[in-house]
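The values are calculated or read from the model by the stated rules, or taken from the named source; none is laboratory data. All figures in this text were calculated on a predicted structure; none of them were measured in a lab. Note that each Cβ is placed from the backbone with ideal geometry, even for glycine, and that neighbours are counted across all protein chains shown. All accessible areas refer to the heavy atoms of the entire protein, side chains included, with ligands and DNA or RNA removed. Shrake-Rupley method; radii C 1.70, N 1.55, O 1.52, S 1.80 Å.
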Amino acid sequence: MVLARSGRVLLTAVALVALTACQGGSTAGEPEPEPTATATKAPDLSEHESGPESPIAYGLFVPEGATQLGPLVRYRSSRLIAAYRPELEAVQAQKAAEQAEEIARDEAAGTPAPSPTPTPTTRPSPDSFKSIGDAPRPDTTVSLMRIDDDPTQVVRKMLAQINAAIPDANLVLDDLSQYCSAQERRITHCQVVARGMTKQNREIRVTMHVDSGNLATRTAPPAARTHPVMQVTAEYVGDPRAGQLGRDTGSLDDIADVEGPEKSGLIWPKMDLDAENSTPMVNGWTAPESATLLLSSFNPQFALMTTDKAVDADQTAEQFVLSNSPRGTVVKDVVEDLNSVSTTYAYRTKDGAIARAVYTLSARGNYTALFYTPAPN
């Protein structure tokens, strides 16, 4: 039974009077009790976190003072896919020819062709390059991190690692003004791009971004817990096929000590709160209510989430890229990698903007990472 509004108001008033009578109420002259402040408790993300020294690639690791959210995001670059596509297409054409020949023989012999085997709908699909035997390994690895301790020291430690991974990088370790933009001495964003040869003669590029939040509104990206957010991307950029001959694992030697003073005097601004999870981000995309947002960034634009159902994680990835593809021409690539399977959807516009989404199915859960790089100015 639905009560009319006047009836509900009357019942509420009666209930409040009765509650006051039971509790004794407040007598004249006594101060009213102050309301108790309430706050939304942040979800426990510990099962999705990786601590310091967790490996990234080429000897790089999560620095002390930072926490990686979700698994490493690993995918094949467009260069690597293009290098192996002719071989894949040749194998697929040979297989199709053999199937057509077999069907023709059966029909000539009066044997009806068998009904086609239904395509399985279970996701994810097999590795896109499985048919060529030795499928190429991913050449791009991304670590998405929240900086929990002193951001200056965390960034300096990451710079020291990049210097050790690329000996000729010659990054400055004691002056953040070389890599960080600021307003009135308050850091707004940091970016480092280093390219060169490792000691194992592998040509790589390491890119580091740090988003300190929106300085004007003192608001951190959704799920950042008011902390700066760091993205580190390690890519093999030499000859794609030659890159498959070596490994991207190992350890770093001679990592410089960064305990000395820092010269810039720049300040990391304190954020008052995180933006709501419903905030449009990653080129206007909004997180679905069914997902748990783990981390996000305003600059560069990314969002990382986990879902209970694998199909939701996959569909979120696909739909994000499709929404940024006016003609629906999306490149899909599936990678069976170690103990996980990653499905990458990507689209590049004519002017150079890139929308990419990676759905990862692992023992830890279902994860979707969304990335958007605007067209260069």
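Counting only residues that are among the charged types (D, E, K, R) and at pLDDT 85 or above, which one in the stretch 31-54 is farthest from the chain's Cα centre (by Cα)?
Glu53
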Members of the stretch 331-353 that are open to solvent by 40 Å² or more (accessible area, probe 1.4 Å) and touching a strand residue (DSSP E or B) at 6+ places or on another chain (Cβ under 7 Å): Val331, Lys332, Asn339, Arg348
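For the stretch 276-307, name all the residues that are of a type in the set (Gly, Ala, Ser) and either farther than 19 Å from Ser143 by Cα or in contact with a Cys (Cβ under 9 Å, 6 or more places away or on another chain) (or both). Working first, answer last.
Going through the stretch 276-307, the residues of a type in the set (Gly, Ala, Ser) turn out to be 278, 284, 287, 290-291, 296-297, 303.
Ser278, Gly284, Ala287, Ser290, Ala291 - these are the residues of the stretch 276-307 that are of a type in the set (Gly, Ala, Ser) and either farther than 19 Å from Ser143 by Cα or in contact with a Cys (Cβ under 9 Å, 6 or more places away or on another chain) (or both).
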Total residues in the stretch 274-306, condition open to solvent by less than 30 Å² (accessible area, probe 1.4 Å), under 13 Å from Ala357 (Cβ atoms) and not in a loop (DSSP other than H, G, I, E, B): 4
Subset of the stretch 54-94 [part of a loop (DSSP other than H, G, I, E, B), of a type in the set (Gly, Ala, Ser) and surrounded by 22 or more Cβ atoms within 10 Å (Cβ to Cβ)]: Ala57, Gly70
Complete set of residues in the stretch 237-264 that are crowded, with 19+ Cβ neighbours inside 10 Å and among the acidic types (Asp, Glu): Asp248
Residue tally, condition within 27 Å of Thr152 (Cα to Cα), assigned to a loop (DSSP other than H, G, I, E, B) and among the hydrophobic types (A, V, I, L, M, F, W, C), over the stretch 242-273: 7
Odd one out for Ala317 among (1) assigned to a loop (DSSP other than H, G, I, E, B); (2) at pLDDT 95 or above; (3) not aromatic (Phe, Trp, Tyr): (1)
Counted residues, the stretch 179-206 - those being under 14 Å from Ala164 (Cα atoms) and polar (S, T, N, Q): 3
Failed item, numbered, when Ile267 is tested on (1) at positive phi; (2) open to solvent by 20 Å² or more (accessible area, probe 1.4 Å): (1)
Every residue from the stretch 354-377 that is open to solvent by less than 50 Å² (accessible area, probe 1.4 Å) and either assigned to a loop (DSSP other than H, G, I, E, B) or out of contact with any helix residue (DSSP H, G or I) (no Cβ under 6 Å at 6 or more places or on another chain) (or both): Ile354, Arg356, Val358, Thr360, Ser362, Gly365, Tyr367, Ala369, Phe371, Tyr372, Ala375
Residue selected from the stretch 220-236 under the condition in contact (Cβ under 8 Å) with a residue 60 or more places away in the chain and in a loop (DSSP other than H, G, I, E, B), by the criterion surrounded by the most Cβ atoms within 10 Å (Cβ to Cβ): Pro221
